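A quick write-up on the structure given underneath.
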Amino acid sequence: MKKRFFKKLEEKLFLEKEFLEKEIKNLEKVPSFGEGKFSDEKEVDEAEEYFTYLALKEEMKKRLKEVERALDKIKKGNFGICERCNKEIEIEKLLANPATKFCKKCTKK
Ligand SMILES: [Zn+2]
């Protein structure tokens, strides 16, 4: 029962990993700003947009790391165990975020 549940989560994590890797690659293709001739106003817009891209990319890279870590834990057999108190993480919490590291109690701390 639990094994099957974990298998489902593993699939979910795997799909998320693929999605993130693709998105990050796409974001990496975004040309850097400052190329070409823009008016000052345009340049500010471009810069803002660029920083939004950067932030988004960082966010996605962070998430990708978490997802990879969770997949690694499945391989090692310690998936679903809270990293703080070593107790089992609640199933609904894993469903909401399979890459979660802590149980409900420890998340609140
Ligand atoms: Zn805990």
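For the range 86-91, in order, what is each residue's ³J(HN,Hα) by Karplus, 6.51 cos²θ - 1.76 cosθ + 1.60 with θ = phi - 60°, in whole Hz (x at glycine and Pro)?
3J(HN,Hα) across the range 86-91, in whole Hz: 6, 9, 5, 7, 4, 4.
List every residue whose amide H lies under 5 Å from the amide H of Ile81, counting only residues 5 or more places away in sequence or on a different chain, with H placed 1.01 Å from N in the peptide plane.
Ile89
For Cα pairs less than 8 Å apart in space and 6+ apart in sequence, what is the mean separation divided by the residue count of the chain, i.e. the relative contact order in percent?
Once normalised by length, the contact order is 28 percent.
Starting from the eigenvalues of the Cα gyration tensor, five times each then square-rooted, give me the equivalent ellipsoid semi-axes of the chain, largest first, whole Å.
Working through the eigenvalues yields semi-axes of 38, 15, 9 Å.
Would you kindly state how much longer the chain becomes between Leu15 and Lys104 on full extension, computed as 0.36 nm times their sequence separation minus their alpha carbon distance, in nm to one decimal?
29.6 nm
Excluding same-chain residues fewer than 8 positions from Lys61, which aspartates and glutamates have a Cα within less than 18 Å of its Cα?
In chain and number order, the partners are Glu16, Glu18, Glu21, Glu23, Glu28, Asp72.
Rank Lys87, Lys17, Lys65 by mean-square fluctuation in a GNM of the chain with C-alpha springs under 10 angstrom and give only the top-ranked residue.
Lys87
None of the figures in this text is laboratory data; all of them are computed from the coordinates on show. What you see is a predicted model; the values in this text were computed from it and never measured.
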